[in-house]
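Remarks on the structure that follows.
We did not get these values from a lab; they are worked out from the coordinates using the rules stated. Note that the structure is predicted; figures quoted are calculated from it, not measured. Note that each Cβ is placed from the backbone with ideal geometry, even for glycine, and that neighbours are counted across all protein chains shown.
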Amino acid sequence: MAAVAVSHVFPLGSRLNRRGRLEVGGCDVVELAREFGTPAYVYAEDDMRARARAYTEAFRARTEHFEVIYAGKAFPSAAVFRLFADAGLSADVASGGELHLALAGGFHPAHLYMHGNNKTQAELDYAIEQGVGHIVVDSFDEIERLRGRPQRILLRVTPGIKPSTHSFIQTGQADSKFGFAVEDVPRAVEACRDAGLELCGLHAHIGSQILELGAFERIAEVLTGLGEWPLLNLGGGLGIAYTAADDPPSVADYVDALLRRAPEGVTVLCEPGRSLVGNAGVTIYTVGTVKRVAGRRTYVAVDGGMSDNLRPMLYGARYEAEIAGRFGGSDPCTIAGMHCESGDILVQDALLDDPRPGDVLVIPATGAYGHAMANNYNAVPRPPVIFCRDGEARVVVRRETYDDLTRREL
Ligand code: PLP
């Protein structure tokens, strides 16, 4: 059997090899499961590099004045921060912990943006001590916490734009918990000046998994209406394909939309997270039980679930699944996790080929907000992260052990 291409939901370069098994980054995922165990997050390194390039090339073709900032919250690991630092990107961090990981990944602090709607004094002090390039200030209280520090900052504005995406991942609507309302911006600008801060520009992020470009076009327009600034950070939020039927806008079209209403000469920043890493990763599991409920449903239970992928439970996110060694199939199955919650369902309606215990099951497009939101519910150790490239696999985050679970107990 010749190698067969798989859908765009899988990492770039993925294919079914001659044995009919999925290969990611040139590595057979059934072999990876054998070598590293399951569940595991498996990434094609080159996919992330290619997407970083797509962003920088799209901007470079349209303007000299830009900065692409990796939103580290999507996949906060020193290894991925290192990869994007090498690709020439900046990064944003949304906590002291993410800052620590970005620095561990070798990011120059000057290339970092520090976010958060409620940064503690300790986090602000850590950011300033480390020499973080910009702090994105979110509230009047934060301006007071920074008083007297000669720090470069941006002001986060809530632009009143409500894209059609799940309400839990909308952030730009007028009553958002994030940032300054448009009408408060003049007072915030005054307060920054009075506090001695170096205000360099404005920031807005309207939400995540956004598929309509019109919403992005309006951000620059709203921010430009709030004065003239050398830097406009237009946030992240470009949606990705979670199923083969999804057809998100291209990076080039997204960049076009961001720039369409940005004034000439202004430096435009954007902060993609999901669209840099989401399709680069898959999660592999082992099928443990197959429960056929006559006339109703087949449950295929795997050795992970809401501890490694919270998105389906948090906001009804939809995924596909395949048996890694037998793609295709027509048996409607519900992919259940192993946690003590009926809501621990990873995929409601997957079409599989005769699933059996011992099969390696793969869920694509788990590269963003999977590892990032992993937790220890039911005291399950968190999975490893494996980077694959040209047929070579390396563990960049090891699997947690039972000893890790007791390490914090006193
Ligand atoms: N910037 C900010 C301020 C965010 O809060 C987020 C995520 O919600 C992002 C960027 C990245 O968004 P996405 O991963 O959807 O590109």
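Over all directions, average the projected area of the Cα convex hull of the chain and note it in nm². Could you put the intermediate results ahead of the total?
Details: hull surface 83.1 nm².
That works out to 20.8 nm², a quarter of the Cα hull's surface.
Counting only DSSP beta bridges with both residues in the chain, what percent are antiparallel, rounded to the nearest 5?
On the way: 35 of 70 bridges.
In the chain, approximately 50 percent of DSSP beta bridges are antiparallel ones.
With semi-axes defined as the square roots of five times the eigenvalues of the C-alpha gyration tensor, the equivalent ellipsoid of segment 265-393 measures 28, 17, 15 Å, largest first.
Around the amide H of Asp92, modelled in the peptide plane, lie the amide H atoms of Tyr70, Ala71, Gly72, Tyr113, all under 5 Å away and 5 or more residues distant in sequence or on another chain. Within the listed set Gly13, Gly265, Gly160, the residue fluctuating most in the Gaussian network model of the chain (springs between alpha-carbon atoms under 10 angstrom) is Gly265. At each listed q (0.09, 0.12, 0.14 Å⁻¹), what is the log10 of I(q)/I(0) that the Debye formula gives for segment 1-156 modelled as equal alpha-carbon point scatterers? Here the Debye-derived log intensity ratios amount to -0.41, -0.65, -0.80.
Normalised by 2.2 N^0.38 Å, where N counts its residues, the alpha-carbon radius of gyration of segment 47-275 equals 0.95.
Work from the charge dipole of the chain (Cβ charges, +1 for Lys and Arg, -1 for Asp and Glu, about the Cα centre) and give the residue of Asn117, Ala33, Gly72 farthest towards its positive end. With unit charges placed on the Cβ atoms, the residue in question is Ala33.
The GluC sites (Glu not before Pro) of segment 196-249 meeting both criteria, a DSSP state outside H, G, I, E and B (loop) and at most 15 other C-beta atoms within 10 angstrom of the site's C-beta, are Glu212, Glu228. For GluC sites (Glu not before Pro), the sites in segment 64-107 that DSSP calls loop and that have at most 13 other Cβ atoms within 10 Å are Glu64. Note on Lys291: aspartates and glutamates with a C-alpha under 18 Å away, same-chain residues under 8 apart excluded, are Asp303, Glu322, Asp331, Glu341, Asp344, Asp349, Asp353, Asp354, Asp359.
Ordered from longest to shortest, the equivalent ellipsoid semi-axes for segment 69-205 are 24, 20, 12 Å, each the square root of 5 times a Cα gyration tensor eigenvalue. Can you grab the distance from the C-alpha centre of segment 304-345 to the C-alpha centre of segment 391-410, Å, no decimals? A separation of 23 Å, based on Cα centres. Straight Cα distances below 17 angstrom link Lys73 to the lysines Lys119, with same-chain residues fewer than 8 positions distant left out. Comparing Gly239, Leu146, Val157 along the charge dipole axis of segment 132-267, the residue lying farthest to the positive side is Leu146, per the Cβ-charge model.
Give me the percent of DSSP beta bridges within segment 122-241 that run antiparallel, rounded to the nearest 5. Don't skip to the end; give the middle numbers.
Details: 1 of 15 bridges.
Of the beta bridges lying entirely in segment 122-241, close to 5 percent run antiparallel.
Taken about its Cα centre, the chain carries a charge dipole of about 660 debye when Lys and Arg each add +1 at the Cβ and Asp and Glu each add -1 at the Cβ.
Only loop residues by DSSP count here, and only those with at most 10 other Cβ atoms within 10 Å; note down the trypsin sites (Lys or Arg not before Pro) in segment 256-321 that meet that. Show your work: numbers first, answer last.
Details: sites: Arg260, Arg261, Arg274, Lys291, Arg292, Arg296, Arg297, Arg318; in loops: Arg261, Arg296, Arg318.
Answer by residue number: Arg296.
So for segment 57-98, averaging the separation of alpha carbon pairs under 8 Å that are six or more residues apart and normalising by length, what relative contact order in percent results? Before the final figure, lay out each step's value.
Numbers: 32 pairs, mean separation 18.6, N = 42.
Rounded, it is 44 percent for segment 57-98.
Taken as Cα centroids, segment 238-273 and segment 88-129 sit 24 Å apart, rounded to the nearest whole angstrom. In the chain, a dipole from Cβ-located charges (positive for Lys and Arg, negative for Asp and Glu) runs towards its positive end, and of Val189, Leu22, Ala102 it is Leu22 whose Cα lies farthest in that direction. For the chain, Cys192, Cys200, Cys270, Cys333, Cys340 have no disulfide-compatible partner, since no other Cys C-beta lies under 4.7 Å from theirs.
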